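For reference, the structure discussed in these notes is given below.
Where a number appears in this text, it was derived from the coordinates with a stated rule and is not lab data. Just so it is clear, the structure is predicted and the values come from calculations on it, not from any experiment. With ideal geometry, Cβ positions are generated from the backbone for all residues, glycine too; neighbour counts draw on all protein chains shown.
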Amino acid sequence: MTTHPDVPDSAIGTVTRQPLVNRATLAALHSPLRRLLNGTTALRYHTVDGRAVTLPVGCVAAGSELVVLVGASSRKTWWRHFRQVEPVEIWRHGGWQPTTAQAFAVGTAEHTRAAAAYVAHHRRVDASADPVVVVALPAEAPITMAAMTDAGWWRAWTRWATAGEFAGFAVPAVTGALVGGVNGTGVAAALVAAGAAEGALLGAAQARVLERRLPAFDRPRWILATSCAAALAWAIGLIPMLTNGFQNLATVVVIPVAVLLGVILLASIGTAQWLVLRVQLPHSMVWIFSTAGAWTAGLTAFLVVAMPLWHPGQAPALIAAIGALGGLVMAFTVAALTGWAFVRVCRR
């Protein structure tokens, strides 16, 4: 293969900010609009410093290959990453599929063959003056959960996370009903333990989907982190009950203390989970803020649904049913928002 001596190795894989049109095309490829982008796919590779680069490319199928013509090649550097056969992933059939790619310079026999295949599909295009990148088509295989579309993965996450949180939420609810006559410290200890169980159930449900998207995902650590964080969140939430609502503190102290505890409570699960995620997703710190926002929305949804329905003197069964409805709405809200956030994290 002909190399490109005019391009220094330091320039290979140089990453520039994606133009708006590229970002719009990539978004369309991950949406139902992809049906309108016939002849366009996405190509993902890693630079020499380990960063992932995703680009939309126009291509034509030629037997067991895809041929990408690099128009205006003198103003682009990405294709020079493929001076040799390099691993790459292509977006195909709604999922990422691993394969290889190689660039061929003008004048080589491989370029002549590939350019002819390209011109056979686009007769008005002059393919003789620009290099081509030839991508080997991977063998047909069923798309696994790891290669699901973002929308399909989001739906799976939302189902499992909703079920996990709804089942988990029932543990402290039942625990609270059973220990209602115990002293305050005893109730708090029981609810913190129940919160740990809630977190474990949520973490296990989330892990069932995550381990199919992240190849080296640490399931036990994720469950443990989520469980400990949920216990911490419950402990913080119970502080007002144990201190009689901070009655012994001045208002000027209560407000900043309450704000600080609220921030820690909302960020607890996201922070604990981020410590696990960052191993495979280095740019995932946004998960902390996304999870805090999702839980804020979920708790708000619970109050909006349950509070207007609860009234003094209602039968215990009705009170429980209203609480269950609010818990389901809360669980779905948190699951839907965190699922959307995780898809965004994976695209960073």
**Message:** If each residue of separation counts as 0.36 nm, what is the full-extension length gain between L325 and V304 once their alpha-carbon separation is subtracted?
**Reply:** 6.4 nm
**Prompt:** For the pair Q314 and D126, how long in nm is the line joining their label points, each one 7 Å along Cα→Cβ?
**Reply:** 7.6
**Complete:** Scalar couplings 3J(HN,Hα) for the stretch 118-123 by Karplus 6.51 cos²θ - 1.76 cosθ + 1.60 (θ = phi - 60°), nearest whole Hz, x for Gly and Pro, are 5, 5, 4, 9, 10, 5
**Message:** What are the ³J(HN,Hα) couplings of the stretch 260-269, residue after residue, when phi is run through the Karplus curve with 6.51, -1.76, 1.60 and θ = phi - 60°? Round to Hz, x for glycine and proline.
**Reply:** 4, 5, x, 5, 4, 4, 5, 8, 4, 5
**Asked** Roughly what would the spin-label model give for V179 and R155, points 7 Å off Cα along C-beta, in nm?
**Response** 4.1
**Dipole magnitude (debye, nearest 20) for the stretch 48-118, charges at Cβ of Lys, Arg, Asp, Glu** = 220
**Prompt:** Under 5 Å between amide H atoms, partner at least 5 residues away or on a different chain: which partners does R92 have, H built in plane at 1.01 Å?
**Reply:** Q97
**Complete:** Phi-derived 3J(HN,Hα) across the stretch 41-47 with the Karplus relation (6.51, -1.76, 1.60, θ = phi - 60°), rounded Hz, x for Gly and Pro, is 9, 10, 10, 10, 9, 10, 6
**Item:** Residues A258 and V106, FRET efficiency given R0 of 51 Å [Cβ-Cβ distance, rounded to 0.05]
**Value:** 0.15
**Sites T40 and R221 - FRET efficiency at Förster radius 30 Å, r taken between beta-carbons, to 0.05** = 0.15
**Message:** Using 0.36 nm times the number of residues separating R347 and V21, minus their current alpha carbon distance, what extension gain do you get?
**Reply:** 115.7 nm
**Asked** Which stretch or stretches of the stretch 257-290 have amide N atoms under 16 Å from the point lying 7 Å from I239's Cα along the Cα→Cβ direction?
**Response** 257-269
